[in-house]
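The values are calculated or read from the model by the stated rules, or taken from the named source; none is laboratory data. It should be emphasised that the depicted structure is a prediction, and the values quoted were computed from it without experimental measurement. Using ideal geometry, Cβ is built from the backbone for each residue, glycine included, and neighbour counts are taken over all protein chains shown.
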Amino acid sequence: MRDKEYSKYLQFYVTNAVIGNYIKRCQRVENNLHIDLDDEFNKDNGKSLLTKLTYTTDDQAHNRPLKCNIYFNDGSDLRAGMGSLKTAVSKYFEFCQERVAPATVKSFTTRTVKEEFTTTSTIIDSYQEFLIHFQIDRESFFEWGISATIFPPIDRVSLEWEDLKRRIFNNQTVYIRGYGRDAHGTQMYKDFYANLLGNTHVEKDPTNNAVPHKLIQRTTELKRNSDIFNYQVSHIWGHTKNIFMFEAPWNICYTPKIMDPFTGHETQGIWPTEYQKLFLAKANELYSPFVDEYNQILKSLDVNKKLQEYISSLDSRSHAKELAQFSKDAASELSPIMLN
């Protein structure tokens, strides 16, 4: 790989500390797999290597082996570790692509745009273009986004968390978000929770958001469009079909809407990735004891084993495709949270 050129390229995207980490991760992949990243790019734009570096939540849930000989210490989070390696290598291939067909800045006539997107492989990140155009410092912008996020206070989080656990384990009403098209698959989650916890009062949130909205309003004493404006209710770690997490007060916050492009699961690119790491780091700092307790609950209930037993007990002959998808989705929904 071209270390020095890659390092200069990354200066436009990340901090110096992150640059060093990206270089080391790329070198680690080369050394462990005895390859050259430039050769991998020339072969197939790096697609086959990125496939080897992919390790999904489902892979982790089923304890599958890695697709390549990357070495980690015992007890390491393989999904997080492989994800960091894949991100660095993927960015190197973007660098290679730009060096093959460097982007140029031209006036945006219809003809120019059409030519650029049909004759070259121009890479443009609109978030980066926006911040650079208005001379907004990325680090300051990200710091503001974290500081402007409203997290529920610890004392009220603790009280609401105790209440949620009490309702879950005492067969009282608990809510989750609907699953599947028109929420038709929600019943599978409800049946599983009845099997796992003996709770037969798990309900779908009427709007998929009503209960979390009331919860955060209660814990922060702030109401959207009354006390605060242009904020949205966000689930920090997601897992909204998870009986423990949809109403978990430590999984909900008020996010400034202007930061939504950097936190949504549909966003791509190095900038959202960097911001999401900062966002989760702040949540980890605040709520790690609650997350640790949640992880311990999953372990004590042996959720993964019970989930597989439940799925095996169902008649899969007429709904094999739906059950396969549910198995994959539920394993992800009910997985532990990894605190980096």
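Can we say Asp315 is of a type in the set (Asp, Glu) and part of a loop (DSSP other than H, G, I, E, B)?
For Asp315, the condition - of a type in the set (Asp, Glu) and part of a loop (DSSP other than H, G, I, E, B) - is met.
Could you look through region 277-310, keep only residues that are of a type in the set (S, T, N, Q) and under 29 Å from Glu162 (Cβ atoms), and pick out the one that is surrounded by the most Cβ atoms within 10 Å (Cβ to Cβ)?
That would be Asn304.
Given the structure, is Lys321 assigned to a helix (DSSP H, G or I), at pLDDT 90 or above and of a type in the set (Lys, Arg)?
No: the conditions fail for Lys321.
What's the number of the only condition in (1) assigned by TED's automatic domain parsing to the domain that holds Glu274; (2) modelled with pLDDT under 90; (3) over 28 Å from the mean Cα position of the chain (by Cα) that Lys106 fails to meet?
Lys106 satisfies every listed condition except (1).
If a residue counts only when it is surrounded by 15 or more Cβ atoms within 10 Å (Cβ to Cβ) and on the phi > 0 side of the Ramachandran plot, which helices (runs of 4 or more DSSP H) contained entirely in region 1-83 have at least 3 such residues?
Hits in region 1-83: none.
Considering only residues of region 315-340 that are over 24 Å from the mean Cα position of the chain (by Cα) and within 18 Å of Tyr179 (Cα to Cα), which is surrounded by the most Cβ atoms within 10 Å (Cβ to Cβ)?
His319
Sort through Thr219, Thr263, Thr267, Thr273 and tell me the only one that's at pLDDT 95 or above and of a type in the set (S, T, N, Q).
Of the residues listed, the single one that is at pLDDT 95 or above and of a type in the set (S, T, N, Q) is Thr219.
In region 281-326, what residues are under 17 Å from Ala248 (Cβ atoms) and of a type in the set (Phe, Trp, Tyr)?
Tyr287, Phe290, Tyr294
Checking Asn171 against (1) modelled with pLDDT of 95 or more; (2) outside any loop (DSSP other than H, G, I, E, B); (3) surrounded by fewer than 15 Cβ atoms within 10 Å (Cβ to Cβ), which single condition isn't satisfied?
Checking Asn171 against (1) modelled with pLDDT of 95 or more; (2) outside any loop (DSSP other than H, G, I, E, B); (3) surrounded by fewer than 15 Cβ atoms within 10 Å (Cβ to Cβ), the one that fails is (2).
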